[in-house]
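Undergrad: The following block contains the structure, expressed as structure tokens.
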Amino acid sequence: MARSRIVARSASTGRFVTKSYAKRAPAKTTVERVGGTTKNSRSVNRSARTGKFITQKAASANPATSITQKI
């Protein structure tokens with residue numbers, strides 16, 4: 001069984017950032033668990049500020065504070 005790990009990403013670029021940066025800028029970053037049993041079969045959008053799921057329209061209107069990921 002694959003092990004999962006926690007990573008932090010920039011909401012605007014999607015690039016990995018350090019966990020310490022994510023703590024300093026929570027509105028512009030997201031922390032997520034990757035690996036393990038994720039199937040990466042469908043795309044979803046999330047708000048980086050709240051972590052809640054949002055629509056594609058909302059993600060397109062606010063690209064700096066939203067992320068698209070496969071789950």
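The values are calculated or read from the model by the stated rules, or taken from the named source; none is laboratory data. Fair warning: this is a prediction, and the values are worked out from it, not measured in the lab. Glycine also receives a Cβ, built like all others from the backbone with ideal geometry; neighbour counts cover every protein chain displayed. For the accessible areas, the whole protein counts, side chains as well, though only heavy atoms, and no ligand, DNA or RNA atoms are used. Shrake-Rupley method; radii C 1.70, N 1.55, O 1.52, S 1.80 Å.
Undergrad: Suppose we keep only residues that are of a type outside the set (A, V, I, L, M) and outside any loop (DSSP other than H, G, I, E, B) within segment 6-16. Which one would you say is surrounded by the fewest Cβ atoms within 10 Å (Cβ to Cβ)? Spell out how you get there, then give the answer.
TA: Narrowing segment 6-16 to residues of a type outside the set (A, V, I, L, M): 9-10, 12-16.
From what's left, outside any loop (DSSP other than H, G, I, E, B): 9-10, 16.
Numbers: Arg9: 19, Ser10: 18, Phe16: 11.
Among those residues, the one meeting the criterion is Phe16.
Undergrad: So Lys52 ticks every box in (1) surrounded by 16 or more Cβ atoms within 10 Å (Cβ to Cβ); (2) free of Cβ contacts under 8 Å to residues at least 24 places away in the same chain but one. Which box is left unticked?
TA: The single condition Lys52 does not satisfy is (1).
Undergrad: I'm trying to understand the selection: among the residues of segment 26-46, which are over 16 Å from Pro63 (Cβ atoms) and either without any contact (Cβ under 8 Å) to a residue 12 or more places away in the chain or assigned to a strand (DSSP E or B) (or both)? Let's see the steps before the verdict.
TA: The first filter runs over segment 26-46 and keeps only residues over 16 Å from Pro63 (Cβ atoms), leaving 26, 31-42.
Of everything in segment 26-46, those that are over 16 Å from Pro63 (Cβ atoms) and either without any contact (Cβ under 8 Å) to a residue 12 or more places away in the chain or assigned to a strand (DSSP E or B) (or both) turn out to be Val31, Glu32, Arg33, Val34, Gly35.
Undergrad: Could we say that Ala58 is part of a helix (DSSP H, G or I) and surrounded by 11 or more Cβ atoms within 10 Å (Cβ to Cβ) here? Show your work before the answer.
TA: Working: part of a helix (DSSP H, G or I): yes; surrounded by 11 or more Cβ atoms within 10 Å (Cβ to Cβ): yes.
Against the criterion (part of a helix (DSSP H, G or I) and surrounded by 11 or more Cβ atoms within 10 Å (Cβ to Cβ)), Ala58 qualifies.
Undergrad: Continuing with the same structure: Could you please give the count of residues in segment 27-39 that are open to solvent by 70 Å² or more (accessible area, probe 1.4 Å) and under 17 Å from Thr65 (Cβ atoms)?
TA: Count: 2.
Undergrad: A follow-up question, please. Looking at Lys19, Lys70 in this structure, which one is open to solvent by 90 Å² or more (accessible area, probe 1.4 Å), in contact (Cβ under 8 Å) with a residue 24 or more places away in the chain and under 14 Å from the mean Cα position of the chain (by Cα)?
TA: Numbers: Lys19 fails: in contact (Cβ under 8 Å) with a residue 24 or more places away in the chain.
Result: Lys70 is the single residue among Lys19, Lys70 that is open to solvent by 90 Å² or more (accessible area, probe 1.4 Å), in contact (Cβ under 8 Å) with a residue 24 or more places away in the chain and under 14 Å from the mean Cα position of the chain (by Cα).
Undergrad: Suppose we filter Arg3, Arg24, Arg42 for residues that are more than 9 Å from the chain's Cα centre (by Cα), open to solvent by 30 Å² or more (accessible area, probe 1.4 Å) and modelled with pLDDT of 90 or more; which single one remains?
TA: Numbers: Arg3 fails: modelled with pLDDT of 90 or more; Arg42 fails: modelled with pLDDT of 90 or more.
Result of the check over Arg3, Arg24, Arg42: Arg24.
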